[in-house]
């Protein structure tokens with residue numbers, strides 16, 4: 001599987017993904033809806049899938065001496081590795097923001113613990129809907145993207161809107177007590193991301209078994 005993941009990163013990843021990995025620098029913009037970083041992350045995955053489709057990546061991978069479910073697993077691992085890399089790159093920018101712009105984000109959620117928890121939930125939803133639809137044929141990347149990005153964007157919008165409600169202002173806080181209060185959201189996000197991607201792999205691989213390339 002490590003060889004397949006190596007192949008994915010070197011042959012299937014669109015060059016725009018490397019730009020979107022660095023888009024965490026937007027956390028340094030004083031007033032910006034930081035949820036858009038997750039949207040751009042999803043968009044990069046779409047460009048990668050489109051690039052792979054145009055180069056018959058699914059057909060090529062399926063001709064290798066591997067099982068069809070390994071084709072799905074390698075793509076799931078690629079998505080996960082890109083998303084986790086983006087979140088990790090966001091962390092130093094969120095720390096720098098705390099030092100240089102401590103007054104908060106007037107537009108939406110701050111780059112805090114809850115923010116990363118919501119990001120994991122957004123990616124879990126996107127991965128499940130996108131990959132399970134994609135591997136019904138391995139070619140309908142546009143259809144899969146539309147189906148996946150709408151609920152993912154809805155969660156992003158809900159995240160940004162909720163911090164403006166009086167009862168949820170603690171979601172926008174960088175105070176130590178509120179950051180501790182946000183830890184359950186991060187924990188829930190981690191669990192949803194882990195089990196969501198396991199479910200994604202199982203459903204997508206089962207569907208791909210019936211695809212005639």
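The values are calculated or read from the model by the stated rules, or taken from the named source; none is laboratory data. Here the structure is a predicted model, which means the values were calculated and not measured. Cβ sites come from the backbone with ideal geometry, for glycine too, and all protein chains shown count toward neighbours.
Here's the yes/no breakdown for (1) in contact with a strand residue (DSSP E or B) (Cβ under 8 Å, 6 or more places away or on another chain); (2) in contact (Cβ under 8 Å) with a residue 60 or more places away in the chain; (3) closer than 17 Å to residue 131 by Cα; (4) surrounded by fewer than 22 Cβ atoms within 10 Å (Cβ to Cβ):
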{"residue": "39", "(1), (2), (3), (4)": "no, yes, yes, yes"}
{"residue": "47", "(1), (2), (3), (4)": "no, no, yes, yes"}
{"residue": "53", "(1), (2), (3), (4)": "no, yes, yes, yes"}
{"residue": "59", "(1), (2), (3), (4)": "no, yes, yes, yes"}
{"residue": "65", "(1), (2), (3), (4)": "no, no, no, yes"}
{"residue": "68", "(1), (2), (3), (4)": "no, yes, yes, yes"}
{"residue": "71", "(1), (2), (3), (4)": "no, yes, yes, no"}
{"residue": "78", "(1), (2), (3), (4)": "no, yes, yes, no"}
{"residue": "85", "(1), (2), (3), (4)": "no, yes, no, yes"}
Residue count, the stretch 174-191 (criterion: surrounded by fewer than 18 Cβ atoms within 10 Å (Cβ to Cβ) and under 20 Å from the mean Cα position of the chain (by Cα)) = 6
Does residue 126 satisfy the condition of being in contact (Cβ under 8 Å) with a residue 24 or more places away in the chain, buried (at least 22 other Cβ atoms within 10 Å of the Cβ) and closer than 23 Å to residue 36 by Cα?
-> yes
Inspect the stretch 165-172 for any residue being modelled with pLDDT of 90 or more, assigned to a helix (DSSP H, G or I) and surrounded by fewer than 13 Cβ atoms within 10 Å (Cβ to Cβ) and give the result as yes or no.
-> no
Within the stretch 157-164, is there a residue that is under 30 Å from residue 29 (Cα atoms), in contact with a helix residue (DSSP H, G or I) (Cβ under 7 Å, 6 or more places away or on another chain) and part of a helix (DSSP H, G or I)?
-> yes
